[in-house]
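A.B. asks: Here it is: the structure, laid out below.
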Amino acid sequence: MPLKITSKTVDDNLIRKVREISGQPIYKCYQCGTCTGSCPMVEHIDATPRRLMALVQWGQAEALKDVNTPWVCASCHSCQVRCPRGIELPKVMEALRQIKLRTNENQIEPSNLQPEEIIDLPQIAMVSGFRKMTS
């Protein structure tokens, strides 16, 4: 279902924060889709990298609120390497993660994990996941 974009739904604060945290010129993106074609995680995400960039450019904070793309991003930099405009999309993903974590809302809650779930997980992966997904 396409989003209805109106001036009332544009969050200029989101645009400013993403640009400030990521340091990326988000408006240089012209939606070519190369990032999406390069993404190894595309099967597991709610919004393609191309769509995510459009939502950021349009300041659609509500639409981005529940999107899993920044959390599933493997930070492999394939999108960045192939971007014809030189946009470092992994930095934009990190900015979106930071914006959510700065609200003190964790993406995962470690205390809710059951011992049976944790027992076989590699410790380094757990620590890395907690760093990425908790405030």
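A.B. asks: Between ILE124, ILE108, ILE21, where does the largest GNM mean-square fluctuation fall for the chain, given springs only between Cα atoms within less than 10 Å?
C.D. replies: ILE124
A.B. asks: Whole-Å semi-axes of the stretch 86-135's equivalent ellipsoid, largest first, each the root of 5 times a Cα gyration tensor eigenvalue?
C.D. replies: Values: eigenvalues 126, 41, 8 Å².
Ellipsoid half-lengths, sorted descending, are 25, 14, 6 Å.
A.B. asks: Between GLU43 and GLN107, how many nm apart are label points set 7 Å from Cα along the C-beta direction?
C.D. replies: Calculated label separation equals 2.0 nm.
A.B. asks: How much length is gained if the chain between CYS32 and SER128 is pulled fully straight, taking 0.36 nm per residue apart and subtracting their Cα-Cα distance, in nm to one decimal? Write out the running numbers ahead of the final one.
C.D. replies: Values: separation 96, 0.36 × 96 = 34.56 nm, distance 3.17 nm.
This chain segment gains 31.4 nm when fully extended.
A.B. asks: With the dipole of the stretch 12-103 worked out from charges on the C-beta (+1 for Lys and Arg, -1 for Asp and Glu) around the Cα centre, which of CYS83, LEU101, GLY33 lies farthest toward the positive end?
C.D. replies: Going by the charge dipole, the pick is CYS83.
A.B. asks: So for the chain, if I pair up every lysine 8 or more residues apart or on another chain, how many of those pairs have alpha-carbons under 20 Å apart?
C.D. replies: Counting lysine pairs in the chain gives 15.
A.B. asks: List the cysteines in the chain whose Cβ has no other cysteine Cβ under 4.7 Å from it.
C.D. replies: So, CYS29, CYS32, CYS39, CYS73, CYS76, CYS83.
Read-outs throughout are calculated quantities, based only on the coordinates presented, and are distinct from any laboratory measurement. Model, not experiment: these values are computed from the prediction. Here Cβ is always computed from backbone atoms with ideal geometry, including for glycine, and neighbour counts include all displayed protein chains.
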